[in-house]
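Comments concern the structure below.
The values are calculated or read from the model by the stated rules, or taken from the named source; none is laboratory data. On a predicted model such as this, the values are computed, not experimentally measured, just so you know. Positions of Cβ are backbone-derived with ideal geometry, glycine not excepted, and every protein chain shown enters the neighbour counts. Note: accessible area is taken over every heavy atom of the protein model, side chains too, but ligands, DNA and RNA are not part of it. Shrake-Rupley method; radii C 1.70, N 1.55, O 1.52, S 1.80 Å.
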Amino acid sequence: MFYDFKVIEEKWQKFWQANKSFHAEIDSTREKYYLLEMFPYPSGKIHMGHVRNYTIGDVASRFKLLEGFNVMHPMGFDAFGQPAENAAIKNKTKPDSWTHKCIKEMETELKKMGFAYDWEREISTCDSSYYKWNQWIFLKMLERNLAYKKASGVNWCASCQTTLANEEVVEGGCWRCKTKVEQKNLEQWYLKITEYKERLLEDLAQLKDWPERVRAMQNNWIGKSSGVDIYFRVKDSDQVISVFTTRADTIFGATYIVLAAEHPMAGALIKGRAQEKEVLKFIQRVTQESKIVRTASDVKKEGVFTGAWAINPVNNEEVPIWIADYVLMEYGTGAIMAVPTHDQRDFLFAKTHSLALKIVIQPKCKPVLNEKQMTEAYEGGGQQVNSGEFNGLDNLIAQEKIALWMEKEGLGKIQTHWRLRDWLISRQRYWGTPIPIIYCSKCGIVPVPYKDLPVELPKDAPFTREGGNPLAKVKAFVAVNCPKCLGPARRETDTMATFFDSSWYFLRFCSPDFGSAPFNLPETKYWMQVDQYIGGIEHAILHLLYSRFFTKFFQDLGMIDFSEPFGKLLTQGMVLKDGEVMSKSKGNIVDPDSMIKNYGADALRLFILFAAPPETELEWDERGLEGAFKFLNRVWRIHESLKPQADIELVKVLHKTIQKVTKDFAEFKFNTAIASLMELTNACYQFGADKEVFSKLVLMLSPIVPHFSEELWEILGHKESIFKAAWPKYDAQLLVEENMDLVIQINGKVRSKITVARDISQAALEKLVLEDEKIITWLAGKPLQKFIVVPQKLVNIVI
RNA sequence: GGGCAAGUGGUGGAAUGGCAUACACGACAGACUUAAAAUCUGUUGGCCGCAAGGUCGUAAGGGUCCGACUCCCUUCUUGCCCACCA
């Protein structure tokens with residue numbers, strides 16, 4: 001009654017494994033295709049998000065294989081990270097054994113889905129044969145001054161007991177546990193990603209096959225903004241305050257300037273002034289508050305007057321210097337000029353503290369602005385006023401002219417500022433790559449020599465909830481001799497952020513066992529770059545930006561000859577249930593394993609591809625899965641009643657389907673490809689299929705439902721695996737119909753249809769159309785204005 | 001506040017300047033069955049009509065065009081990302 005998916009799926013999974021069916025080797029005679037899905041964190045169980053991500057990738061890889069490409073489709077595990085430590089504490093085990101157990105379980109689950117991975121290339125980032133190269137890369141960066149240590153205010157998660165990168169702070173909380181992030185002053189390791197900011201920005205233009213959205217997000221994150229640094233001399237002093245603005249056109253309207261509380265000049269400015277005590281108190285309070293509280297947009301802007309005045313360099317007006325919480329030290333110069341009339345934030349601040357307003361731009365067609373009547377800042381364009389020699393100019397033109405003039409006069413400097421910060425990679429955690437550094441009281445910071453790599457992570461660190469990094473408690477690890485002076489020294493106990501691990505794993509897959517460098521150049525040259533990368537949109541900034549940075553670094557080392565790692569990128573949509581993201585906390589998880597048990601992996605794969613296009617969100621619907629299963633049974637039954645010779649009409653449908661499905665697969669439009677295959681199946685029932693037609697139907701289904709197709713392929717008498725076959729080709733001649741249905745419109749509305757010969761002449765066509773009964777009625781003798789013919793499609797008559 | 005994406009039947013979705021709603025799900029009716037399941041066949045956007053047919057209809061409004069779900073403008077709504085970024 002039903003095809004026996006349990007037996008069939010197990011049978012072919014064993015077959016593929018035993019035959020290493022999807023193992024890839026360099027083959028210069030064939031075009032390569034490197035397909036990669038973002039590797040998972042080994043939590044032990046796969047979820048629907050994995051199923052969707054990996055099914056999309058799997059279909060693409062099997063399709064490319066059938067098309068004759070030399071396909072590399074590897075899989076591995078992003079195995080370092082905090083959950084292993086938490087699990088170790090909870091289950092009284094070790095992160096190492098917990099992780100390896102999870103990897104085993106995860107492999108089993110992935111194999112049950114029938115994914116065509118080259119398991120010979122499997123890697124785990126927690127193996128020292130992998131993380132050794134993290135350390136190697138770190139040392140190379142250190143040599144080039146791209147890795148450095150500095151003390152600074154960092155994001156600290158008290159719950160995870162570790163620092164976080166800016167990229168890991170989400171809505172003021174830790175990206176992992178949502179705990180509110182605190183500010184802490186610590187000495188930490190950074191990678192100088194800012195050294196690559198221009199290239200990271202410019203090369204976005206190369207990534208034409210990336211979603212626009214991802215490029216926009218990276219663009220925003222890098223955050224290039226052009227403007228002018230303007231120099232304000234402090235009155236009765238030789239100090240100069242530099243402020244950054246993108247609106248040089250408003251410089252004549254600056255009525256005060258504001259420093260960030262952390263601004264290094266603040267102390268000197270207030271020294272000996274009446275306001276000193278009050279200001280110091282304010283600074284202390286503000287700097288202790290976490291950045292997140294300070295930057296929450298609903299918080300009222302607070303500030304104090306320093307007692308000092310500055311001179312506006314363009315008109316020598318004296319303006320008061322304030323310190324306020326809404327100016328950030330991290331951006332620009334840590335100081336701003338405030339133009340309350342043309343900046344809403346400045347406007348609110350000025351109103352609160354009764355500061356002066358001065359209009360310098362008048363809108364062109366709206367009512368004239370008046371300082372006394374303004375209720376909000378005017379941020380639009382217009383004509384310069386109160387701006388000396390620039391009066392009357394359009395503000396956008398003035399913006400450029402003022403900037404050039406100021407630079408010429410030495411009043412300022414045309415300047416570009418960036419949002420991108422250096423990448424903080426130190427983590428006060430155990431389960432990560434040890435940073436290969438030794439601290440010696442005599443020699444200072446000493447890198448571990450290459451020959452001593454890897455610095456192995458000790459497996460027996462004590463695990464308790466309290467007391468910080470367990471690694472620091474392993475004496476045998478910490479105590480070491482300095483490689484330079486051989487005296488007693490101390491190891492770095494911070495480990496690397498796990499995003500380091502995933503920033504180059506796609507290169508390791510090219511030569512996973514290579515022992516003398518992170519990757520082997522000839523193999524890398526053959527396989528890279530990744531032709532198609534598939535993963536979640538949540539990695540649009542972090543992982544993809546870091547990977548691009550690493551790739552450019554390897555290029556600079558001369559190890560590779562390309563600058564971008566991923567050619568095409570597909571970000572698959574999320575799997576929803578009842579309109580919400582599936583999550584444990586919401587309790588709306590659907591377990592893939594139980595779906596496999598009930599309907600089989602093939603039906604699950606089919607449903608998940610059919611229910612929505614890859615990029616859009618997918619609403620989970622078990623009835624849809626049931627439908628997919630029914631469809632497979634319907635296809636299965638065809639083989640029980642094959643005819644010796646198929647009807648020509650069916651053959652025509654077949655060739656149309658081949659054309660459509662080939663195109664759809666190439667464009668990742670799996671949902672419409674499946675719809676076409678369903679139509680072909682319906683036609684098989686209508687006309688009766690022969691072995692030829694049915695074989696091709698099965699072949700086209702095989703990337704989607706591989707076990708099912710292998711079994712039918714065998715039943716049809718083929719001796720080799722279906723994945724050794726070639727993708728079917730269509731006969732263009734069979735697609736050409738002699739006759740065609742022609743749509744007749746009157747004034748753009750469909751009024752009739754006629755069947756005509758494909759190669760009919762225009763005159764004959766016109767005659768036929770005008771003889772059509774319905775058309776005669778519609779025309780009813782009205783004069784004909786136009787007769788538009790769209791060849792092979794329709795005619796439109798305008799009356 | 002800025003950026004990006006999207007809005008089509010009861011539902012998932014198809015069509016990207018040329019027949020709106022392909023393919024499914026669901027629903028309804030029928031066949032088979034003692035019955036149910038499974039399977040097969042048919043109907044299924046709204047309104048008017050016995051029917052033939054007509055008419056309205058792709059978030060709302062406007063525009064371009066012989067012709068607009070599709071292109072342009074305005075507005076609304078939803079989702080995602082960024083954000084006191086000067």
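Tabulated data
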read-out: Range of Cα positions in the range A:115-162 per principal axis (Å), largest first; value: 46, 34, 17
read-out: Solvent-accessible heavy-atom area per residue, rounded to whole Å², over the range A:179-328 at 1.4 Å; value: 48 Å²
read-out: Compactness of the range A:552-595 - radius of gyration and Dmax, Cα, Å; value: 19.6, 51
read-out: In degrees, nearest ten, helix A:276-288 long axis to first principal axis of chain A (Cα); value: 20 degrees
read-out: Neighbourhood charge, 13 Å Cβ-Cβ cut-off, centred on A:Arg634 and excluding it, Lys, Arg +1 and Asp, Glu -1; value: -1
read-out: Accessible surface, the range A:422-579, averaged per residue in Å² (probe 1.4 Å); value: 37 Å²
read-out: Cα-based Rg / Dmax (Å) for the range A:326-372; value: 12.8, 39
read-out: Charge dipole of chain A about the Cα centre (unit charges at C-beta), most positive-ward option of A:Ala335, A:Gly410, A:Ala18; value: A:Ala335
read-out: Convex hull of Cα atoms in the range A:586-634, direction-averaged projection (nm²); value: 3.7 nm²
read-out: Alpha carbon convex hull of the range A:701-747, volume per residue in cubic angstrom; value: 163 Å³
read-out: Chain A, relative contact order in percent, only Cα pairs under 8 angstrom and at least six apart counted; value: 14 percent
read-out: Peptides ranked, highest mean first, by Cβ atoms within 10 Å: ranges A:14-26, A:32-44, A:491-503; value: A:491-503, A:32-44, A:14-26
read-out: Stokes-Einstein D for the range A:1-72, Kirkwood Rh over Cα pairs, 25 °C, 0.890 mPa s (µm²/s); value: 170 µm²/s
read-out: Surface/4 estimate of mean projected area, convex hull on alpha-carbon atoms of chain A, nm²; value: 47.4 nm²
read-out: For peptides A:542-555, A:728-741, A:241-254, sequence by mean Cβ density within 10 Å, most packed first; value: A:241-254, A:542-555, A:728-741
read-out: Percent of alpha-carbon pairs separated by more than 17 Å within the range A:661-701; value: 29 percent
read-out: Protein accessible area in the range A:96-167, 1.4 Å probe - carbon and sulfur %; value: 45 percent
read-out: When each of A:Lys630/A:Lys656; A:Lys90/A:Lys584; A:Lys271/A:Lys372; A:Lys90/A:Lys586; A:Lys20/A:Lys729 is checked by Cα-Cα distance, pairs over 29 Å; value: A:Lys271/A:Lys372
read-out: Counted charge near A:Asp621, where neighbours are those whose Cβ lies closer than 13 Å (Asp, Glu -1; Lys, Arg +1); value: -3
read-out: Overall Cα dimensions of the range A:467-550 - principal axes, largest extent first, Å; value: 49, 33, 19
read-out: DSSP-defined antiparallel bridges as percent of all bridges, chain A, nearest 5; value: 75 percent
read-out: Binned Cα-Cα distance frequencies in the range A:638-734 - 5 Å width, integer %; value: 3, 14, 25, 26, 22, 10, 1
read-out: Directionally averaged projected area (convex hull, Cα atoms, the range A:387-495), nm²; value: 13.7 nm²
read-out: Largest to smallest accessible area among A:Leu768, A:Leu269 [probe 1.4 Å]; value: A:Leu768, A:Leu269
read-out: Positive-pole candidate from A:Leu712, A:Cys443, A:Val651, dipole of chain A, charges at beta carbon; value: A:Cys443
read-out: Portion, in percent, of the accessible area of the range A:711-786 that falls on carbon or sulfur, probe 1.4 Å; value: 51 percent
read-out: Cα-Cα separations in the range A:342-447 greater than 21 Å, expressed as whole percent; value: 63 percent
read-out: Rounded tilt (10° steps) of A:5-19 against the dominant C-alpha axis of chain A; value: 70 degrees
read-out: Mean-position separation - Cα centroids, the range A:331-352 and the range A:91-133, in angstrom; value: 53 Å
read-out: Cα point-scatterer Debye curve for the range A:477-624, base-10 log of I(q)/I(0) at q = 0.17 Å⁻¹; value: -1.05
read-out: Unit Cα scatterers, Debye sum, the range A:1-140: log10 I(q)/I(0) for q = 0.15 Å⁻¹; value: -0.87
read-out: Between 0 and 90°, nearest 10: helix A:395-409 axis offset from chain A longest Cα axis; value: 50 degrees
read-out: Debye equation applied to the C-alpha atoms of the range A:82-150, log10 I(q)/I(0) at 0.22 Å⁻¹; value: -0.98
read-out: Cα-Cα P(r), the range A:101-247, percent of pairs per 10 Å interval; value: 8, 17, 30, 30, 9, 3, 2, 1
read-out: Rounded percent of accessible protein surface that carbon and sulfur make up, the range A:532-662, 1.4 Å probe; value: 51 percent
read-out: Theoretical ellipticity at 222 nm over chain A - DSSP helices of four or more residues, -39500 (n - 2.57) apiece, nearest 500; value: -11000 deg cm²/dmol
